[in-house]
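Just so it is clear, none of the values below were taken in a lab; they were calculated from the coordinates. None of the values given here were measured: they were computed from a predicted structure. As a convention, Cβ positions derive from the backbone with ideal geometry for all residues, glycine included, and neighbour counts pool all protein chains shown.
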């Protein structure tokens, strides 16, 4: 309940409140030039709000992160308006600093973990795995840093691919444990989303428009959670030894995201036959996602078991 209130506040109340304050500040300002500048900034705020609320999950992902991103940018516009309105240099410096901080927050939110402006739905599972592999050289450099001989470290990594029983270095095991702990929290959230899809009751064929709108909003909320989780799964830095496990984790998150998107599409279909196929497809994708999660857990368990100290 509290989480729902927080999401409503960050997605709706905060951005709209900032927009209304900007419009009110424009209406009460004096001077034709400042009114003109305020009208431009207010119009820009309204346009951005419309893109966020009516063009869902295209320009900005409509979730809590998207709401925070939107709020920072609206505060940046509000700071510019205050900068234009004031005539004192000391106040202008303050509002200029405020605007800079809000712009920094906007950029930081957009670039944290994964850009919030780039939707993961535009990537296939194969592309996601390929995109993530660009970090492997960076990760492997940490492994090599702990070896006195760099070539020897490479030989050990190659030998591990041949023999699963080769014991990993303690520092590599530490990074593997850290990765496994972070991945475990993501897997727990995956199961929550998979349960939400599996327990999503089918709609009646003659459901009214209000019922379809209500159910589609529920499905969209699940899809937004899956999209955010997918982005977090991709963003986890993993040891080179856990590459195969991480591939399964990413594929599981992408499959779940696809399932929630199919579920949302199901709520919008009026053709009973097509809707039935979409509903079944969403459940089939959940079964596939569970298989990827099982493979991930098995690989991680094997890595840990093979490197346990002998009694």
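Where does each of 238, 195 land when they are ranked from fewest to most other beta-carbon atoms within 10 angstrom?
By the 10 Å Cβ count, ascending: 195, 238.
Take the Cα pairs of the stretch 265-307, get the Kirkwood Rh, then feed it into Stokes-Einstein at 37 °C and 0.692 mPa s and tell me D in µm²/s.
Once the numbers are plugged in, D ends up at 263 µm²/s.
Could you please rank 253, 199, 258, placing first whichever residue has the fewest other Cβ atoms within 10 Å of its Cβ?
Ascending Cβ contact count within 10 Å gives the list 199, 258, 253.
For the stretch 2-111, count the residues as N, evaluate 2.2 N^0.38 Å, and divide the Cα radius of gyration by that value, please.
Working it through for the stretch 2-111, the quotient is 1.10.
Under the rule a/c < 1.5 gives rounded, and otherwise a/b versus b/c splits prolate from oblate, where does the stretch 182-293 land using the Cα gyration tensor?
Prolate, since a/c reaches 1.5 and a/b exceeds b/c.
Got a sec? How would 32, 290 order by Cβ neighbour count within 10 Å, fewest to most?
Ordered from fewest to most neighbouring Cβ atoms within 10 Å, 32, 290 come out as 32, 290.
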